[in-house]
Amino acid sequence: MNIKVALSIALIVFFWASSFVAIKLGLEDISAMNLTLGRFIISSITLGVLAIINRPSPVHKKDWLRFVVASLSGVTLYNLALNYGQETVSVGSASFLINTVPIFTLLSFLVLKEKVTIKIASGIVLGTVGVGLITLSESENLELNFGILLVLAAAFGQAIFYIIQNPLLTRYSPLTVISYSVWLGTLFPLPFS
(Lines give C-alpha, C1' and ligand atoms only; values in the text may rest on other atoms or scores of the structure.)
Protein backbone atom coordinates (compact mmCIF):
# COMPACT_ATOMS: atom_id res chain seq x y z
CA MET A 1 0.00 0.00 0.00
CA ASN A 2 1.43 3.37 -0.94
CA ILE A 3 1.79 6.20 1.56
CA LYS A 4 -0.97 8.34 -0.01
CA VAL A 5 -3.54 5.55 0.38
CA ALA A 6 -2.40 4.82 3.95
CA LEU A 7 -2.65 8.51 4.93
CA SER A 8 -6.07 8.79 3.30
CA ILE A 9 -7.34 5.79 5.26
CA ALA A 10 -5.84 7.16 8.49
CA LEU A 11 -7.56 10.54 7.94
CA ILE A 12 -10.91 8.90 7.22
CA VAL A 13 -10.69 6.81 10.40
CA PHE A 14 -9.61 9.84 12.43
CA PHE A 15 -12.49 12.03 11.24
CA TRP A 16 -15.02 9.22 11.58
CA ALA A 17 -13.90 8.41 15.13
CA SER A 18 -13.80 12.06 16.19
CA SER A 19 -17.31 12.69 14.84
CA PHE A 20 -18.85 10.99 17.90
CA VAL A 21 -16.99 13.37 20.21
CA ALA A 22 -17.95 16.34 18.01
CA ILE A 23 -21.62 15.30 18.13
CA LYS A 24 -21.55 15.02 21.93
CA LEU A 25 -19.92 18.45 22.23
CA GLY A 26 -22.32 19.96 19.70
CA LEU A 27 -25.33 18.63 21.60
CA GLU A 28 -24.30 20.72 24.62
CA ASP A 29 -25.40 23.88 22.77
CA ILE A 30 -27.44 22.79 19.74
CA SER A 31 -30.51 20.58 19.39
CA ALA A 32 -30.07 17.22 17.67
CA MET A 33 -32.23 18.41 14.74
CA ASN A 34 -30.27 21.63 14.23
CA LEU A 35 -26.95 19.80 14.58
CA THR A 36 -28.06 17.38 11.85
CA LEU A 37 -29.24 20.15 9.56
CA GLY A 38 -26.13 22.25 10.16
CA ARG A 39 -23.82 19.39 9.27
CA PHE A 40 -25.71 18.58 6.10
CA ILE A 41 -26.27 22.12 4.92
CA ILE A 42 -22.48 22.55 5.08
CA SER A 43 -22.02 19.17 3.33
CA SER A 44 -24.59 20.10 0.67
CA ILE A 45 -22.85 23.38 -0.08
CA THR A 46 -19.46 21.64 -0.26
CA LEU A 47 -20.85 18.96 -2.59
CA GLY A 48 -22.52 21.72 -4.63
CA VAL A 49 -19.13 23.34 -5.21
CA LEU A 50 -17.68 19.96 -6.21
CA ALA A 51 -20.67 19.42 -8.52
CA ILE A 52 -19.95 22.68 -10.32
CA ILE A 53 -16.41 21.48 -10.94
CA ASN A 54 -17.07 17.77 -11.62
CA ARG A 55 -20.67 17.71 -12.93
CA PRO A 56 -22.39 14.67 -11.40
CA SER A 57 -24.43 12.58 -13.81
CA PRO A 58 -28.15 13.28 -14.06
CA VAL A 59 -30.25 10.66 -12.27
CA HIS A 60 -32.38 8.39 -14.46
CA LYS A 61 -36.08 8.40 -13.66
CA LYS A 62 -36.02 4.72 -12.62
CA ASP A 63 -33.36 5.41 -9.96
CA TRP A 64 -35.02 8.29 -8.10
CA LEU A 65 -36.88 6.03 -5.67
CA ARG A 66 -33.63 4.26 -4.81
CA PHE A 67 -31.94 7.63 -4.19
CA VAL A 68 -34.85 8.77 -1.99
CA VAL A 69 -34.75 5.58 0.12
CA ALA A 70 -30.95 5.75 0.38
CA SER A 71 -31.15 9.40 1.46
CA LEU A 72 -33.87 8.80 4.03
CA SER A 73 -32.08 5.82 5.56
CA GLY A 74 -28.40 6.69 5.26
CA VAL A 75 -28.49 10.44 5.75
CA THR A 76 -31.70 11.54 7.47
CA LEU A 77 -32.48 8.52 9.70
CA TYR A 78 -28.83 7.74 10.44
CA ASN A 79 -27.90 11.25 11.55
CA LEU A 80 -31.09 12.15 13.40
CA ALA A 81 -31.17 8.83 15.27
CA LEU A 82 -27.45 9.03 16.10
CA ASN A 83 -27.66 12.64 17.29
CA TYR A 84 -30.78 12.08 19.41
CA GLY A 85 -29.31 8.81 20.71
CA GLN A 86 -26.08 10.49 21.77
CA GLU A 87 -28.07 12.74 24.08
CA THR A 88 -28.17 9.79 26.52
CA VAL A 89 -25.50 7.37 25.26
CA SER A 90 -21.78 7.85 25.88
CA VAL A 91 -19.39 8.60 23.02
CA GLY A 92 -17.62 5.24 23.31
CA SER A 93 -20.84 3.27 23.42
CA ALA A 94 -22.32 5.16 20.47
CA SER A 95 -19.24 4.54 18.33
CA PHE A 96 -19.28 0.85 19.25
CA LEU A 97 -23.03 0.46 18.67
CA ILE A 98 -22.74 2.06 15.23
CA ASN A 99 -20.36 -0.75 14.37
CA THR A 100 -23.38 -3.06 14.36
CA VAL A 101 -23.96 -2.00 10.77
CA PRO A 102 -22.51 -5.34 9.57
CA ILE A 103 -25.08 -7.17 11.68
CA PHE A 104 -27.87 -5.26 9.98
CA THR A 105 -26.17 -5.62 6.62
CA LEU A 106 -26.90 -9.30 7.03
CA LEU A 107 -30.12 -8.23 5.35
CA SER A 108 -28.13 -7.88 2.15
CA PHE A 109 -27.28 -11.55 2.31
CA LEU A 110 -30.98 -12.31 2.46
CA VAL A 111 -32.08 -9.71 -0.09
CA LEU A 112 -29.18 -10.09 -2.54
CA LYS A 113 -28.79 -13.83 -1.86
CA GLU A 114 -25.09 -13.50 -1.06
CA LYS A 115 -23.14 -16.30 0.60
CA VAL A 116 -22.53 -16.05 4.37
CA THR A 117 -19.02 -17.30 5.19
CA ILE A 118 -17.73 -18.47 8.58
CA LYS A 119 -15.80 -15.20 8.89
CA ILE A 120 -18.93 -13.14 8.29
CA ALA A 121 -21.03 -15.24 10.66
CA SER A 122 -18.33 -15.01 13.37
CA GLY A 123 -18.18 -11.22 13.00
CA ILE A 124 -21.96 -10.96 13.29
CA VAL A 125 -22.03 -13.12 16.43
CA LEU A 126 -19.17 -11.17 18.08
CA GLY A 127 -20.84 -7.87 17.18
CA THR A 128 -24.14 -9.01 18.64
CA VAL A 129 -22.47 -10.08 21.89
CA GLY A 130 -20.68 -6.73 22.09
CA VAL A 131 -23.92 -4.81 21.59
CA GLY A 132 -25.53 -6.90 24.31
CA LEU A 133 -22.72 -6.12 26.75
CA ILE A 134 -22.89 -2.39 26.01
CA THR A 135 -26.66 -2.39 26.37
CA LEU A 136 -26.36 -4.01 29.79
CA SER A 137 -23.58 -1.67 30.95
CA GLU A 138 -25.44 1.49 29.84
CA SER A 139 -28.75 0.46 31.38
CA GLU A 140 -29.83 0.52 35.00
CA ASN A 141 -31.82 -2.41 36.36
CA LEU A 142 -31.55 -4.21 33.01
CA GLU A 143 -33.77 -1.57 31.35
CA LEU A 144 -33.03 -0.72 27.76
CA ASN A 145 -31.89 2.89 27.38
CA PHE A 146 -33.94 4.58 24.62
CA GLY A 147 -30.77 6.27 23.36
CA ILE A 148 -29.28 2.84 22.67
CA LEU A 149 -32.31 1.97 20.53
CA LEU A 150 -31.88 5.22 18.61
CA VAL A 151 -28.19 4.54 17.94
CA LEU A 152 -29.09 1.02 16.80
CA ALA A 153 -31.76 2.56 14.54
CA ALA A 154 -28.99 4.74 13.07
CA ALA A 155 -26.91 1.62 12.40
CA PHE A 156 -29.93 -0.02 10.77
CA GLY A 157 -30.44 3.07 8.57
CA GLN A 158 -26.79 2.96 7.52
CA ALA A 159 -27.06 -0.73 6.63
CA ILE A 160 -30.12 -0.02 4.46
CA PHE A 161 -28.17 2.80 2.81
CA TYR A 162 -25.29 0.45 1.94
CA ILE A 163 -27.65 -2.13 0.49
CA ILE A 164 -29.69 0.39 -1.51
CA GLN A 165 -26.73 2.37 -2.85
CA ASN A 166 -24.80 -0.69 -4.05
CA PRO A 167 -26.58 -0.94 -7.45
CA LEU A 168 -26.39 2.84 -7.86
CA LEU A 169 -22.60 2.69 -7.69
CA THR A 170 -22.59 0.45 -10.76
CA ARG A 171 -24.40 3.16 -12.77
CA TYR A 172 -23.13 6.41 -11.25
CA SER A 173 -19.87 7.79 -9.88
CA PRO A 174 -19.39 7.81 -6.10
CA LEU A 175 -19.57 11.63 -6.20
CA THR A 176 -22.96 11.47 -7.94
CA VAL A 177 -24.35 8.94 -5.45
CA ILE A 178 -23.16 10.77 -2.35
CA SER A 179 -24.12 14.21 -3.70
CA TYR A 180 -27.72 13.32 -4.47
CA SER A 181 -28.00 11.30 -1.25
CA VAL A 182 -26.78 14.18 0.90
CA TRP A 183 -28.83 16.80 -0.95
CA LEU A 184 -32.03 14.80 -0.59
CA GLY A 185 -31.17 13.76 2.96
CA THR A 186 -30.76 17.43 3.87
CA LEU A 187 -34.16 18.36 2.44
CA PHE A 188 -36.23 15.78 4.36
CA PRO A 189 -35.80 17.18 7.90
CA LEU A 190 -36.06 20.86 6.88
CA PRO A 191 -39.85 21.12 7.48
CA PHE A 192 -39.36 19.79 11.04
CA SER A 193 -36.64 22.20 12.13
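The values are calculated or read from the model by the stated rules, or taken from the named source; none is laboratory data. Bear in mind the structure is a predicted one, so any value in this text is a computation, not a measurement. No Cβ is skipped: glycine too gets one built from the backbone with ideal geometry, and neighbour counts run over all protein chains shown. Heavy atoms of the whole protein, side chains included, go into the accessibility calculation; ligands, DNA and RNA do not. Shrake-Rupley method; radii C 1.70, N 1.55, O 1.52, S 1.80 Å.
For segment 75-89, what are the residues that are farther than 23 Å from Ser179 by Cβ and either modelled with pLDDT under 80 or in a helix (DSSP H, G or I) (or both)?
Of segment 75-89, the ones farther than 23 Å from Ser179 by Cβ are 84-89.
Result: Tyr84, Gly85.
Could you name every one of the helices (runs of 4 or more DSSP H) located completely within segment 108-193 that has at least 1 residues being of a type in the set (Val, Ile, Thr) and at pLDDT below 90?
Numbers: elements: 118-138, 146-171, 174-187.
Counting at least 1 such residues, we get 118-138, 146-171.
So that you can scan it fast, the table gives a plain yes or no per residue for (1) modelled with pLDDT of 85 or more; (2) open to solvent by less than 30 Å² (accessible area, probe 1.4 Å); (3) touching a helix residue (DSSP H, G or I) at 6+ places or on another chain (Cβ under 7 Å):
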position	(1), (2), (3)
Ser8	no, no, no
Leu11	yes, no, no
Phe15	no, no, no
Ser18	no, no, no
Leu27	yes, no, yes
Ser31	yes, no, no
Phe40	yes, yes, yes
Ile45	yes, no, no
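Where the second residue is outside any helix (DSSP H, G or I) and open to solvent by less than 40 Å² (accessible area, probe 1.4 Å) and the first is within 14 Å of Ile103 (Cα to Cα) and among the hydroxyl-bearing types (Ser, Thr, Tyr) and lies in segment 157-177, which pairs have Cβ atoms under 8 Å and are six or more apart or on separate chains?
Tyr162/Thr105
Pairs, please: C-beta under 8 Å, at least 6 apart or cross-chain, first residue at pLDDT below 75 and in segment 90-104, second polar (S, T, N, Q) and not in a loop (DSSP other than H, G, I, E, B)?
Matching pairs, first to second residue: Thr100/Thr128; Val101/Gln158; Ile103/Thr128; Phe104/Gln158.
Checking Val49 against (1) open to solvent by 50 Å² or more (accessible area, probe 1.4 Å); (2) modelled with pLDDT of 85 or more; (3) under 25 Å from Ile163 (Cα atoms), which test does it fail?
(3)
How about segment 176-190: which of its residues are over 21 Å from Ser31 (Cα atoms) and surrounded by fewer than 16 Cβ atoms within 10 Å (Cβ to Cβ)?
The answer is none; no residue qualifies.
Only one of Leu72, Leu25 is part of a helix (DSSP H, G or I) and under 14 Å from the mean Cα position of the chain (by Cα). Can you tell me which? Spell out the reasoning first.
On the way: Leu25 fails: under 14 Å from the mean Cα position of the chain (by Cα).
Of the residues listed, the single one that is part of a helix (DSSP H, G or I) and under 14 Å from the mean Cα position of the chain (by Cα) is Leu72.
Kindly check whether there is at least one residue in segment 53-73 that is free of Cβ contacts under 8 Å to residues at least 24 places away in the same chain, within 22 Å of Leu190 (Cα to Cα) and hydroxyl-bearing (Ser, Thr, Tyr). Even if it seems obvious, please write down each step before you answer.
Here is the first cut: in segment 53-73, the residues free of Cβ contacts under 8 Å to residues at least 24 places away in the same chain are 53, 55, 58, 61-62, 64-65.
Those left that are additionally within 22 Å of Leu190 (Cα to Cα): 64-65.
When the remaining residues are screened for being hydroxyl-bearing (Ser, Thr, Tyr), the result is none.
Looking for residues that are free of Cβ contacts under 8 Å to residues at least 24 places away in the same chain, within 22 Å of Leu190 (Cα to Cα) and hydroxyl-bearing (Ser, Thr, Tyr), one finds none in segment 53-73, hence no.
Give Thr100, Thr76, Thr88, Thr105 a once-over and let me know the one that is open to solvent by 10 Å² or more (accessible area, probe 1.4 Å) and in contact with a Ser or Thr (Cβ under 9 Å, 6 or more places away or on another chain).
Values: Thr100 fails: open to solvent by 10 Å² or more (accessible area, probe 1.4 Å); Thr88 fails: in contact with a Ser or Thr (Cβ under 9 Å, 6 or more places away or on another chain); Thr105 fails: in contact with a Ser or Thr (Cβ under 9 Å, 6 or more places away or on another chain).
Just a single option satisfies the conditions, and that option is Thr76.
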